[in-house]
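Asks: Dropping a structure here in structure tokens format, bear with me for questions.
Computed from the coordinates by the stated procedures, all read-outs in this text should not be read as laboratory data. Since we're looking at a predicted model, the values are computed, not measured. Counting neighbours? That spans all protein chains shown, and the Cβs are built from the backbone with ideal geometry, glycine included.
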Amino acid sequence: MILVKRQRPHMKRTTSLSEITIELNTPVDAQPPDSRRPEHAIAPNGWDQRLASAAPPSVARRHSADFLETPNFLRTCSLCKHRLIPGRDIYMYRGDSAFCSLECRQQQMNQDERKDKKRLSLAVEASSTAAV
């Protein structure tokens, strides 16, 4: 089987934006008529509404956190109880335990390990005393 490059449809060339100059202080009526521009884009005050509606991306940007309620376990650190800030790193441990830093998470892991070792040693002692 011979591999051949896939044919793509011909791309339509457009004008570079660097070649276009726009004067925002000039009313639309003072410019020569353009048959490509729809009439509904011109406001009653004579300004082109497409230019007025172009907002900078930072103004129109929304985050998913703006629409969702934060679950309770993601609001505060499970160890030190500091408030967790949405958009910042959150360190998780054992499913639903959230921590503000690696240090808090490590402290909790150490505490759990000590509890597990103590529980295991108590179980071994209980089984050895029961066998006697």
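Asks: Quick one: Glu113, Glu69, fewest Cβ neighbours within 10 Å first, how do they rank?
Replies: Neighbour counts put them in this order, fewest first: Glu69, Glu113.
Asks: So what's the Cα pair-distance distribution over segment 73-118, bin width 5 Å, in %?
Replies: 5, 26, 31, 22, 10, 5, 2, 0
Asks: Sticking with this one: Arrange the peptides 103-109, 83-89 so that the one whose residues have, on average, the most other Cβ atoms within 10 Å appears first.
Replies: Averaged packing, sorted descending, gives the order 103-109, 83-89.
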